[in-house]
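Here is the structure we will look at.
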Amino acid sequence: MKKFRKVHIPDSYSMKFLLILCLITILVSLSNFSLYAQMIRLKGEIIVSSPEVKLADVVEMDVNEHSNILSQIVLGPSPKPGYAMEIPASTILARLKRAGIDESKVDVPAESKAVVKRATIVLSKEMVGESLRHYILENMPWDKETTNIQVYPPGEDIVLPEGDVEINWSSSSSSGFVGMGVYRGKISVDGKFCKTIICRAKIEAKTLAIYASRPIHKGKVIGEKDVAYKEVVVGRYTENLLWDINSVVGSVSKRTIPAGSFIRINDIDLPPVVKKDEIVNVEYSSGALTITGKVKVLADAKVGERVRCVHLDSNTEIEGIVLQDGSIKVE
């Protein structure tokens, strides 16, 4: 005959007790999870972009209950680009307490510390060199195709705060964009000045200058056949050379210029437009009123020079400026 095992079936009170026990266990677990989820802890890796380190930068919590408060509390200035700084737990705990954060929700060991790094970008020395080259090309008066530019960039890369970088260059050389020069670059990030760098560059420019195609004797009025263009490397020995042939033709040589020699500013003199005792037109203006007449010039004069004259109608002496057409303007 088959035997059956006796099974004890709990009564209704025992079942209720077990259910209550299970519910208590679940509630306690949820309570512990909720408490843990609201705990404030130190972040693992801390990298900041702003110039100040905020409390919200170094601690984290799963519930954003205090995020607005923490983001307004400043712990101190951010480290320089490429550097790191340590913030002790005592400082962090003091700031949390001052903010009114419940200590029971803070899980920051007293012996711990937060290591903060600054978000950075690296401006390579090659990038700096290209920036300076672009500045020189855009500002020099020479032909880009015939100019050789050798840029000497800084010896190492430049570490900067993260943001939009701009370099404003200026020349520290009095010789302009010729030969070896020193250039100063002011670096700004997001419109804020960061640092100044110094670089050098050597510029070898070629241009066309005016030279005597045949001997020009002293006192000779220079004609078109007396001069021509010749290529020259611009440098300190080319100062005062003349680059426009129209400024030479019609001028008077102040000395004998050998054939093949470049013509300088002090080699020539513009001829007088009016000569002594010459009768020329005169114009006098006063507001909307303009009076014209004739005057006798009392001395030789060039364009733009002031000269004394005698008005023929009134026989009075006046002074005026010589114009390009040889007339006199009285102001």
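The values are calculated or read from the model by the stated rules, or taken from the named source; none is laboratory data. Only a predicted model underlies this, so the values are computations on that prediction, with no experimental measurement involved. Positions of Cβ are generated from backbone atoms using ideal geometry, with glycine treated the same way; all protein chains shown enter the neighbour counts.
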Over the stretch 252-275, the set of residues part of a loop (DSSP other than H, G, I, E, B) and either surrounded by fewer than 16 Cβ atoms within 10 Å (Cβ to Cβ) or in contact with a helix residue (DSSP H, G or I) (Cβ under 6 Å, 6 or more places away or on another chain) (or both) is K254, R255, T256, P258, A259, G260, S261, L270, P271, K275
Checked the stretch 177-232 for anything in contact (Cβ under 8 Å) with a residue 40 or more places away in the chain and in contact with a Cys (Cβ under 9 Å, 6 or more places away or on another chain); matches are Y183, G185, I187
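Taking the condition on the phi < 0 side of the Ramachandran plot, surrounded by 14 or more Cβ atoms within 10 Å (Cβ to Cβ), hydrophobic (A, V, I, L, M, F, W, C) and not assigned by TED's automatic domain parsing to the domain that holds G129, does V178 pass? Explain how you work it out, then say what you get.
Values: on the phi < 0 side of the Ramachandran plot: yes; surrounded by 14 or more Cβ atoms within 10 Å (Cβ to Cβ): yes; hydrophobic (A, V, I, L, M, F, W, C): yes; not assigned by TED's automatic domain parsing to the domain that holds G129: no.
No.
Go through the stretch 169-226 and give me each residue that's aromatic (F, W, Y) and out of contact with any helix residue (DSSP H, G or I) (no Cβ under 9 Å at 6 or more places or on another chain). Please lay out each step first, then the result.
Narrowing the stretch 169-226 to residues aromatic (F, W, Y): 169, 177, 183, 193, 211.
Hits for the stretch 169-226 are F193, Y211.
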Pairs returned, first residue in the stretch 94-112 that is over 12 Å from V59 (Cα atoms), second residue that is modelled with pLDDT of 80 or more and among the polar types (S, T, N, Q), beta-carbon separation under 8 angstrom, 6 or more apart or interchain, are A110/S90
Can you say whether I210 is outside any helix (DSSP H, G or I), at negative phi and within 14 Å of the chain's Cα centre (by Cα), as far as the supplied structure shows?
no
Among V227, V159, the single one that is surrounded by 18 or more Cβ atoms within 10 Å (Cβ to Cβ) and in contact with a strand residue (DSSP E or B) (Cβ under 6 Å, 6 or more places away or on another chain) is V227
Taking the stretch 295-304 and keeping only residues that are surrounded by 14 or more Cβ atoms within 10 Å (Cβ to Cβ), more than 18 Å from Y284 (Cβ to Cβ) and of a type outside the set (A, V, I, L, M, F, W, C), one is left with D300
Note: among I40, I46, just one is within 30 Å of V189 (Cα to Cα) and crowded, with 16+ Cβ neighbours inside 10 Å, namely I46
Over the stretch 116-170, the set of residues among the polar types (S, T, N, Q) and either under 17 Å from T196 (Cα atoms) or touching a Leu at 6+ places or on another chain (Cβ under 7 Å) (or both) is T120, S124, S131, N168, S170
Taking the stretch 90-126 and keeping residues farther than 21 Å from P51 by Cα and small (G, A, S) leaves S90, A94, A99, G100, S104, A110, S112, S124
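Can you tell me which residue in the stretch 213-248 is nearest to W142 (Cα to Cα), limited to those that are β-branched (V, I, T) and part of a helix (DSSP H, G or I)?
T238
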Scanning the stretch 302-331 residue by residue, those among the small types (G, A, S) and closer than 16 Å to G250 by Cβ turn out to be G304, G326
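Residue by residue, here is whether (1) in a loop (DSSP other than H, G, I, E, B); (2) over 30 Å from T207 (Cβ atoms); (3) outside the structural domain of K230 (by TED's automatic domain parsing) holds:
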position	(1), (2), (3)
G250	yes, no, no
S285	no, yes, yes
T290	no, yes, yes
K296	no, yes, yes
A299	yes, yes, yes
G304	yes, no, yes
C309	no, yes, yes
N315	yes, yes, yes
E319	no, yes, yes
Within the stretch 80-98, the residues that are within 16 Å of I40 (Cα to Cα) and among the small types (G, A, S) are A89, S90, A94
**Request:** Scan the stretch 305-326 and give yes if some residue there is surrounded by fewer than 16 Cβ atoms within 10 Å (Cβ to Cβ), closer than 17 Å to L270 by Cα and among the polar types (S, T, N, Q), otherwise no.
**Result:** yes
Do the conditions hold for S285, that is, is it at pLDDT 85 or above, on the phi < 0 side of the Ramachandran plot, small (G, A, S) and over 47 Å from the mean Cα position of the chain (by Cα)? no
